[in-house]
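Only one structure is covered here, and it is reproduced in the block below.
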Amino acid sequence: MIGLTGNGPVTGSERDSLIEAELETLYRVSQVLSRSLQLRETLDEVLKLLDSCGLLSCGMVSLLDHDSGELTVCALHDKCARPTETVRYRPGEGIIGIIMERGESIVVENLSEETRFLDRLGVYNPELPFIGVPIRIGERGQPAGVLAAQPPSREQLPEQARFLEMVANLIGQTVRLSRKVEHERQEIEAERDKLRREVRAEHGFDSIVGHTAVMRRVFTQVRQVAKWNTTVLIRGESGTGKELIANAIHYNSPRSNGSFIKLNCASLPDTLLESDLFGHEKGAFTGAVNQRKGRFERADGGTLFLDEIGEISAAFQAKLLRVLQEGEFERVGGLRTLKVDVRVIAATNRNLEEAVEQGDFREDLYYRLNVMPIRMPALRERIEDIPDLARFLVAKVAGRQGRPLNIQDSAIRLLMHHDWPGNVRELENCLERAAILSEDGEINRDIISITGLDEKLQPAEGVLPPQPVDLQDPNMDERERVIAALEQAGWVQARAARLLGMTPRQIAYRIQTLDIQVRQI
Ligand SMILES: Nc1ncnc2c1ncn2[C@@H]1O[C@H](COP(=O)(O)OP(=O)(O)OP(=O)(O)O)[C@@H](O)[C@H]1O
Ligand SMILES: [Mg+2]
């Protein structure tokens, strides 16, 4: 603490000790400011430092709030610790507002005689001088705020003002940096939230098409099960959407901010499967040069999707059972038992009951997995979903191809005659091929026929007969209308002609000129 309160002329040694104290304080201020970008806390510390060094008391930092255009008090070193949140200054208002507006420092020798002084904070000593300086962020332009304080004496006021300006410059740099970091943090958060929304939308219910009763049941089950941590077993033929449902469960669950990690159990031999799922310690086996976390650890707090669970060996079934029962495991080559909080979703197209009966699959593991089974219906069990699915998948292909595509009703009706052993994946592949074959982006029944579907045409059991089509539909072009009538008439031309109010000769002529391939039933 340096005594500066004498009123006589300033001696050389007093000046030297002031400079020394200022230098020391500047050094410590710069240390405080470089320590953290928590603006309010660092500003509080700086003001405390100015006071404890005996140089300036009642330090105050106010910064411009861009939304309101007013200065708000961000830090105040006041022994009474009064609330300051409500204290604001408009540019030009009071001494602080004037400094802000003019961008110049103000030194007041005697505060009690200063008419512009508003005393909104009620902390200042009217007998002492007062210095306020602008806080600058860049070289020019409006200041970002004001730093003010009271020196302990009227001596060397210009020097003390210069010192406060130096501190304000340091504060300005910190404000600039912390604003930049804050801005970047907000941008990163906004980007993260946007990506999360996109991923959720991509894996939410909107991306799963189906309005038939069997699919509505699946949606209800997914909604119910998503809320809880229970293990889910998704059953169903290949291509029925098992992975899609696993995603929907995760992204509609309270774990949706955690990771969704998946593994195809059929893709790796036992030893690799173990280190892949449980991780390994450094040197656990040849090639294990580093310690590595397994998928169970990476899925901690999230969901692990074990696809093709029916394919794992007996030895691995035992290992999996333990982690499902206890939530515990050791890394390969490790002694420490790790505990994780992971929700497991498994999927298989195998008949697990049969595998249990034949001794290929452990019964205890089967019961552990089968807590909440969801059965995905085959596409041939929900033929009525084909129109919506086809349009959805064509839009998906259009997105990939970057051009508009349209599928005609006649093509959709043809798709409804197939029994789809490869389910939705087969339908998607068929439409992708059709899109490639379509030069103008129109997918009609002829293009579908060229994909090879026609030869495989074999209406499955339970497949509906073609739905009656409104032949007067104004949106239908003539070719579509003739095809619809032919389909409705079981491809008997005379009957189709009657439906359209034409003679058999007229319909035969139309079939020829419209280049319609007539199906032989
Ligand atoms: N209901 C649906 N709505 C929209 N797209 C679907 C639907 N079901 C499946 N798909 C699409 O079909 C393809 C196959 O789905 P998915 O991979 O989920 O099937 P799977 O049952 O896991 O098949 P596999 O047993 O062969 O692994 C994916 O491209 C998926 O997006
Ligand atoms: Mg799959």
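Close contacts from region 346-368, counting a first residue that is away from ligand 2 (no atom under 16 Å from the Cβ) and a second that is among the β-branched types (Val, Ile, Thr), with Cβ to Cβ under 7 Å and a gap of 6+ residues or different chains, come to Glu363/Val356; Tyr366/Val356; Arg368/Thr231.
Of the residues making up region 219-251, those that are in a helix (DSSP H, G or I) and under 21 Å from Tyr366 (Cα atoms) are Gln221, Val222, Val225, Ala226, Lys242, Glu243, Ile245, Ala246, Ile249. Out of Asn247, Asn252, report the one residue that is in contact with a helix residue (DSSP H, G or I) (Cβ under 8 Å, 6 or more places away or on another chain), free of Cβ contacts under 8 Å to residues at least 60 places away in the same chain, more than 17 Å from Arg382 (Cβ to Cβ) and within 15 Å of ligand 2 (Cβ to nearest atom). Criteria check complete, one pass: Asn247. Based on this model, can you work out whether Asn169 counts as touching a Lys or Arg at 6+ places or on another chain (Cβ under 9 Å) and under 30 Å from Asn125 (Cα atoms)? Judged against the criteria, Asn169 is a match. What pairs come out if I take residues in region 388-405 that are within 12 Å of Ile443 (Cβ to Cβ) and pair them with residues that are within 16 Å of ligand 2 (Cβ to nearest atom) whose C-beta lies under 6 Å away, six or more apart or interchain? From region 388-405, the pairs are Leu393/Glu428. Selection of first residues in region 282-305 that are more than 18 Å from Lys319 (Cα to Cα) and of second residues that are at pLDDT 95 or above and surrounded by fewer than 19 Cβ atoms within 10 Å (Cβ to Cβ), restricted to Cβ pairs under 7 Å at least 6 apart or on distinct chains, gives an empty result. Can we say Phe296 is more than 16 Å from ligand 2 (Cβ to nearest atom) and buried (at least 21 other Cβ atoms within 10 Å of the Cβ)? When the stated conditions are applied, Phe296 passes them.
Table: residues versus (1) without any contact (Cβ under 8 Å) to a residue 40 or more places away in the chain; (2) within 12 Å of ligand 1 (Cβ to nearest atom).
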{"position": "Thr212", "(1), (2)": "no, yes"}
{"position": "Thr220", "(1), (2)": "yes, no"}
{"position": "Val232", "(1), (2)": "no, no"}
{"position": "Gly258", "(1), (2)": "no, no"}
{"position": "Lys262", "(1), (2)": "no, yes"}
{"position": "Phe278", "(1), (2)": "no, no"}
{"position": "Glu308", "(1), (2)": "no, yes"}
{"position": "Ala315", "(1), (2)": "no, no"}
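Here Leu324, Leu268, Leu277, Leu320 are screened, and the one residue that is within 16 Å of ligand 2 (Cβ to nearest atom) and hydrophobic (A, V, I, L, M, F, W, C) is Leu268. Checking every residue in region 224-239 against the condition of being hydroxyl-bearing (Ser, Thr, Tyr) and surrounded by 21 or more Cβ atoms within 10 Å (Cβ to Cβ) gives zero matches. Give region 267-285 a look and list any residue that's part of a loop (DSSP other than H, G, I, E, B) and either of a type in the set (A, V, I, L, M) or within 18 Å of Val342 (Cα to Cα) (or both), or say none. Across region 267-285, the qualifying residues are Leu268, Ala284.
I'm checking my understanding of the structure. Among residues of region 201-218 that are surrounded by 18 or more Cβ atoms within 10 Å (Cβ to Cβ) and part of a helix (DSSP H, G or I), which one is farthest from ligand 2 (Cβ to nearest atom)? The residue in question is Met215. Among residues of region 13-37 that are more than 17 Å from Ile171 (Cβ to Cβ) and in contact (Cβ under 8 Å) with a residue 24 or more places away in the chain, those with a beta-carbon under 7 Å from a residue that is in a helix (DSSP H, G or I) and of a type outside the set (Val, Ile, Thr) at least six positions away or on a different chain give the pairs Leu18/Glu159.
When you look at Val342, is it away from ligand 1 (no atom under 16 Å from the Cβ) and within 15 Å of Thr230 (Cβ to Cβ), yes or no? Answer is yes for this residue. Does at least one position in region 187-199 carry a residue that is crowded, with 16+ Cβ neighbours inside 10 Å and in contact (Cβ under 8 Å) with a residue 12 or more places away in the chain? No, region 187-199 contains no residue that is crowded, with 16+ Cβ neighbours inside 10 Å and in contact (Cβ under 8 Å) with a residue 12 or more places away in the chain. Is it the case, given these coordinates, that Glu432 is within 14 Å of ligand 1 (Cβ to nearest atom), in contact (Cβ under 8 Å) with a residue 60 or more places away in the chain and within 30 Å of Asp515 (Cβ to Cβ)? The answer is no for Glu432.
Within region 395-406, can one find any residue that is out of contact with any Ser or Thr (no Cβ under 8 Å at 6 or more places or on another chain), aliphatic (A, V, I, L, M) and under 22 Å from Val214 (Cβ atoms)? No - not one qualifying residue is present in region 395-406. Residues in region 498-521 that are without any contact (Cβ under 8 Å) to a residue 12 or more places away in the chain and assigned to a helix (DSSP H, G or I): Arg498, Pro504, Arg505, Gln506, Tyr509, Gln512, Thr513. Is there a residue in region 375-395 that is farther than 30 Å from Arg350 by Cβ and either within 16 Å of ligand 2 (Cβ to nearest atom) or of a type in the set (A, V, I, L, M, F, W, C) (or both)? Looking through region 375-395, at least one residue is farther than 30 Å from Arg350 by Cβ and either within 16 Å of ligand 2 (Cβ to nearest atom) or of a type in the set (A, V, I, L, M, F, W, C) (or both).
Scanning region 46-64 for residues that are closer than 18 Å to Pro152 by Cβ, without any contact (Cβ under 8 Å) to a residue 60 or more places away in the chain and hydroxyl-bearing (Ser, Thr, Tyr) turns up at least one hit.
With respect to (1) over 34 Å from the mean Cα position of the chain (by Cα); (2) surrounded by fewer than 19 Cβ atoms within 10 Å (Cβ to Cβ), the lone exception for Leu352 is condition (2). For region 119-127, state whether one or more residues are exposed (fewer than 14 other Cβ atoms within 10 Å of the Cβ) and of a type in the set (Lys, Arg). Checking region 119-127: not a single residue is exposed (fewer than 14 other Cβ atoms within 10 Å of the Cβ) and of a type in the set (Lys, Arg). Among the conditions (1) more than 16 Å from ligand 2 (Cβ to nearest atom); (2) over 17 Å from the mean Cα position of the chain (by Cα); (3) under 23 Å from Arg331 (Cβ atoms), Val225 misses just one, which is (3).
The values are calculated or read from the model by the stated rules, or taken from the named source; none is laboratory data. Remember, it's a predicted structure, so these values are computed and weren't measured experimentally. Cβ: placed from backbone, ideal geometry, glycine included. Neighbour counts: every protein chain shown.
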